[in-house]
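First comes the structure, then the notes that go with it.
The values are calculated or read from the model by the stated rules, or taken from the named source; none is laboratory data. As the structure is a prediction and not an experimental result, all values here were calculated from the model. All Cβ positions, glycine included, derive from the backbone under ideal geometry; neighbour counts span all protein chains shown.
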Amino acid sequence: MNRRTIILLGASHVAAAAVGVFFALRPAAAGPAPGDGVSNASSGAKVSDISRGAAGLKSLRPVASWRSAEFRRAWKAVRTAGLTTPERLATQKQLLAEWAKRDLTSALDAALEEAWDDDVDRDFGYVWPLGEAFSDVFAEQPEPAWDLIEGGRYGVGAGMLRHLWLSSAGARHPLLVASKLADLSWRFRDSALGACSQGFYSTTDEAERTEILHALAVHPEDLVSVERLAGFVNSHVQVEDLQASPDPADPASGRVRMAKAWHWGMRMSVTQADELEAALDEVPADLRVHALAGAVDGLPYNDGALLFPVLELAANEGAWEVIADGNTIQRLQYAARRSDPRAVAEWVTGLPPEPALYQVIHRGVEPFFQRDMQGARDWIGTIEEPIWRDHAYGEYSQQALNGRKDPVASRWALDRIQNPEFRAKAEGWRRDWEKRTAPKAK
Amino acid sequence: MSSPPLRTLWILGASHLVVFCGALALTRGQPREGGDGESQRSPATKSPNRAARQERGDGEALLAAFRARKSESETAFEEAKRMLRAASDPEQAAMAAFEAFRAAGTDEEKLRAEAVLKARILQWFLGDPEGLMTKIGGWMASDEGGMGVMVTTTLDLAPEVIRQKGSLACVAWASGNASFSVKFWEVVGQEMKSGGGLAHYLKVRSECGRVAEAQGSLIAAEIPGAVRRILGEGFRYEERQRVLEHVLEDPASELSRDLILGFAGSGEAAATWIYDLLDRGELPEAMAKSLRGGIGNDVLMQPHMDIEKRIAARRFTPGNERKTRDAIVGELVSNDIQRLFNQGRDWRFEFRHGVASLEEVLSAVNSQLRIPAEGLVDSRIALYRTLSEEDPVKALPLLEELPEEKRRQVMFRNTWESYGSIHPDEFLRFLNKLPEPATAQEKEDRMKGWEWKARWHLQRYGDDYVEWVAALPEGPDRYAAINSVISATRERNGAKAEELNQRFYSKKP
């Protein structure tokens with residue numbers, strides 16, 4: 001081989017390598033270069049995709065017949081496709097929705113490897129941005145999806161999947177959610193009941209709605225409260241509907257009655273508040289507390305005048321839990337702040353000395369004390385019930401300390417408490433305040 | 001056996017092919033700038049075989065095919081439009097299609113029936129929009145069971161019909177119906193942008209006024225609040241003076257304000273022009289007053305506008321009056337970067353997967369934004385905060401030029417200022433890359449990272465987050481995480497918080 005041949009061969013091999021390099025770089029050059037404008041980056045990617053896709057379309061099988069591996073390869077190619085953020089998110093969601101029909105596990109694995117935060121909207125969602133792609137598959141295959149979520153595969157990410165399952169599959173299959181309620185952590189209970197509620201209101205089938213109510217009513221009060229159950233009572237309950245005794249053969253019937261009574265009370269205070277007292281006599285005695293709780297809940301928030309007649313009925317029935325309920329206390333405070341706080345203070349301290357009412361007294365006198373410390377000082381001595389008078393002095397001390405930083409006024413009140421047990425407690429509150437506000441040693 | 005010259009040719013051909021393929025494989029296998037590319041490219045580097053190359057090429061083609069495909073329902077609708085000849089009575093044909101849709105059983109039947117229904121409504125809509133609207137009005141008012149699909153399909157088709165006919169021809173039926181008018185005005189906005197500008201807007205307004213008078217209803221004359229800015233974006237910069245004259249006919253109205261703010265949002269030049277008018281006091285006070293707050297927000301969307309004018313305009317927005325210059329520059333720069341990433345190429349995603357290097361991201365940011373020298377540090381911090389969530393190690397060089405004290409402050413504050421909804425494993429990886437906290441503030445920041453996340457993480461992940469925390473290795477982070485979980489649980493459920501307390505602390509001596 002002479003020198004010329006060697007040079008020619010070398011040159012031709014270099015040329016072959018150059019052609020190889022050219023072909024290798026060509027697809028990359030078709031994509032957007034760093035520093036392209038926003039719209040250029042986007043359109044550059046589209047043009048190259050479509051030109052490559054045109055050839056691909058002829059040889060590739062339709063998406064409907066893709067295997068999981070094909071979805072995976074397309075998924076990986078998203079990384080180098082140079083897409084804009086909205087395009088990338090839309091493409092990934094569409095891929096996942098189709099992939100999940102073919103192979104839910106692989107699609108979920110892939111989706112959970114992407115970022116869990118929402119950089120675009122910056123809002124806090126229970127589900128990561130790509131999660132919504134699975135809504136349809138979860139709704140269509142609720143049981144397998146549930147088993148997959150609960151199978152331990154997804155670790156800390158399972159919570160997001162559970163939320164997603166509840167809002168998609170759960171809302172479509174409320175009875176299924178009801179059957180799983182006892183197994184769900186308390187942290188998901190609100191979401192689960194929300195899903196049931198969505199399912200309940202999306203059907204107009206009376207029988208199905210009754211079935212949902214019964215499926216929820218079999219659970220105990222701490223899982224589904226009567227108040228929540230009342231939201232699943234379908235028709236406008238009449239007082240006659242409450243007369244039937246619980247059916248011993250139906251474990252749900254007792255709580256279904258309570259929920260109906262609650263619902264009845266709520267509707268009464270919405271539509272016929274004036275007739276509540278007379279109608280209450282026809283409600284079986286064991287259901288009156290629920291009817292009254294419903295009646296309080298049905299009252300308009302901004303009308304204190306309607307609140308007290310209902311609470312009087314509750315007091316006459318000895319339905320202390322209705323008065324001591326956090327919601328009722330909020331309404332009392334709201335009414336006091338909007339109108340006459342002294343009248344509310346007088347009303348609460350006129351209640352019998354029931355231990356269940358302790359918080360009602362403190363929160364009931366609070367708005368009056370906050371508005372008029374001097375007037376309150378003169379008024380407390382007029383409270384007839386000794387233990388409530390002591391509690392009022394205790395609350396006065398608290399308001400003096402926390403609201404006015406006035407330990408002298410606090411001492412004045414504490415020294416007037418008669419009950420030694422309660423006084424010890426009130427002195428303890430003061431000591432806590434002193435510790436909290438003591439200057440910190442440097 | 002081949003003859004010697006032929007054999008030589010074979011050998012030569014093969015050797016050239018080997019060199020060609022080698023160059024192809026090696027070049028494709030090279031990691032990009034930065035040298036830390038992810039597995040997308042590494043298989044080819046490690047094993048430059050045909051299968052690996054084919055897989056990658058196949059992925060690109062698959063993705064392109066996927067993106068180019070039409071959904072089944074789109075395809076069916078296209079087919080129905082092509083196949084169905086116009087019926088002599090379009091209303092009757094649409095109602096027959098509606099009955100068939102209601103009777104459809106299987107998914108396949110529903111898909112076809114829906115496509116036919118849509119095509120039939122489209123024919124009816126194009127032929128007799130007024131007649132269809134009268135029916136729609138009746139269905140909406142009577143809340144008649146099952147007719148919802150007719151209403152929603154018609155609403156979906158409205159933009160297509162208005163575009164085909166031209167908005168001016170649709171005023172009578174589209175502008176006077178509250179449900180359709182938003183879609184109508186959106187199309188008007190598109191027509192203005194495509195060249196119609198102010199003249200088209202005025203023609204449509206005039207026609208709407210005429211129709212409103214004829215119909216005895218004000219609906220047609222009013223432009224819904226949701227689309228006013230879209231219309232403002234449709235004015236052309238060259239006709240700005242005439243636009244101004246038009247809005248000054250009613251300077252205190254909300255419509256005028258929204259049109260001008262929409263115009264300001266159409267680009268840097270328009271925003272600058274409006275700002276200058278305000279700055280020189282050339283607008284009546286009634287209008288200037290209502291524009292100031294809005295223009296202060298509009299300049300957030302104009303990264304190329306003069307920085308001094310942007311700063312001054314930002315101060316117009318209530319709450320910003322006393323902000324320092326540094327604070328406003330920092331806010332503008334950080335906002336520009338977020339918008340660039342949100343609307344433009346997905347650099348965060350590419351950075352996360354090692355496809356884009358930090359240098360590439362920086363180069364894109366520098367070429368597409370106009371970051372003033374005084375905003376350089378803020379821009380690096382903003383980039384660090386967002387990119388560290390994707391890859392904390394690769395993002396670190398962004399802080400290299402900061403003084404040591406500032407650099408550490410940014411890193412430690414990042415534990416609670418960023419990483420809001422990030423996978424807890426990724427947060428832990430970030431924490432593990434932080435230097436040992438040296439000051440009380442650094443220790444506090446690090447703990448705050450746990451405290452600020454607990455409440456939200458428990459809502460999102462439930463008890464799985466508790467288990468994740470329980471599995472953390474012993475150390476200050478584990479205790480901070482446990483305490484944050486107990487404290488956040490106590491806010492919602494005292495008894496469960498006590499259970500957790502017992503679980504984690506009962507064995508403590």
Within region B:87-131, how many residues are under 16 Å from B:Gly146 (Cα atoms), surrounded by fewer than 17 Cβ atoms within 10 Å (Cβ to Cβ) and under 34 Å from the mean Cα position of the chain (by Cα)? 1
Members of region A:359-386 that are more than 21 Å from A:Arg404 (Cβ to Cβ) and out of contact with any helix residue (DSSP H, G or I) (no Cβ under 7 Å at 6 or more places or on another chain): A:Thr382, A:Glu384, A:Pro386
In region B:367-404, how many are surrounded by fewer than 18 Cβ atoms within 10 Å (Cβ to Cβ), farther than 14 Å from B:Leu434 by Cα, away from chain A (no Cβ under 14 Å) and free of Cβ contacts under 8 Å to residues at least 60 places away in the same chain? 7
Inside region B:429-469, the number of residues satisfying the requirement of being surrounded by 15 or more Cβ atoms within 10 Å (Cβ to Cβ), within 14 Å of another protein chain (Cβ to nearest Cβ) and assigned to a helix (DSSP H, G or I) is 17
Collect the residues in region B:479-490 that are closer than 22 Å to B:Phe427 by Cβ and modelled with pLDDT of 95 or more, keeping them in residue-number order. B:Ala481, B:Ile482, B:Asn483, B:Ser484, B:Val485, B:Ile486, B:Ser487, B:Ala488, B:Thr489
Of all residues in region B:484-499, which are surrounded by fewer than 13 Cβ atoms within 10 Å (Cβ to Cβ) and either in contact with a Cys (Cβ under 9 Å, 6 or more places away or on another chain) or hydrophobic (A, V, I, L, M, F, W, C) (or both)? B:Ala495
In region B:326-341, how many residues are at the interface with chain A (Cβ under 9 Å from one of its Cβ atoms) and either β-branched (Val, Ile, Thr) or over 22 Å from B:Ile295 (Cβ atoms) (or both)? 1
Just to be sure, is B:Val333 in contact (Cβ under 8 Å) with a residue 60 or more places away in the chain and in contact with a Ser or Thr (Cβ under 8 Å, 6 or more places away or on another chain)? no
Among (1) surrounded by fewer than 18 Cβ atoms within 10 Å (Cβ to Cβ); (2) closer than 20 Å to A:Arg337 by Cβ, there is one condition A:Ile380 misses while meeting the rest; what is its number? (1)
For region A:105-119, how many residues meet the condition of being crowded, with 16+ Cβ neighbours inside 10 Å and either facing chain B (nearest Cβ under 9 Å) or among the β-branched types (Val, Ile, Thr) (or both)? 7
Only residues that are closer than 14 Å to B:Ala313 by Cα and not in a helix (DSSP H, G or I): list them for region B:245-292, please. B:Gly265, B:Arg280, B:Gly281
Considering only region A:342-396, state which residues are outside any helix (DSSP H, G or I) and either over 39 Å from the mean Cα position of the chain (by Cα) or among the hydrophobic types (A, V, I, L, M, F, W, C) (or both). A:Leu351, A:Gly381, A:Thr382, A:Ile383, A:Glu384, A:Glu385
Within region A:120-160, considering residues that are facing another protein chain (nearest Cβ under 8 Å) and in contact with a Phe, Trp or Tyr (Cβ under 8 Å, 6 or more places away or on another chain), the one nearest to B:Ser334 (Cα to Cα): A:Phe124
Answer yes if at least one residue in region A:115-134 is farther than 19 Å from B:Gly462 by Cα, in a helix (DSSP H, G or I) and over 22 Å from the mean Cα position of the chain (by Cα), and no otherwise. no
Looking at (1) buried (at least 16 other Cβ atoms within 10 Å of the Cβ); (2) modelled with pLDDT of 90 or more, which one does B:Ser253 not meet, given that it meets all the others? (1)
Residue list for region B:316-336, restricted to those being surrounded by fewer than 17 Cβ atoms within 10 Å (Cβ to Cβ), at pLDDT 90 or above and in a loop (DSSP other than H, G, I, E, B): B:Lys323, B:Thr324
Kindly provide the set of residues from region A:64-80 that are more than 38 Å from the chain's Cα centre (by Cα), within 7 Å of another protein chain (Cβ to nearest Cβ) and in contact (Cβ under 8 Å) with a residue 12 or more places away in the chain, ordered by number. A:Thr80
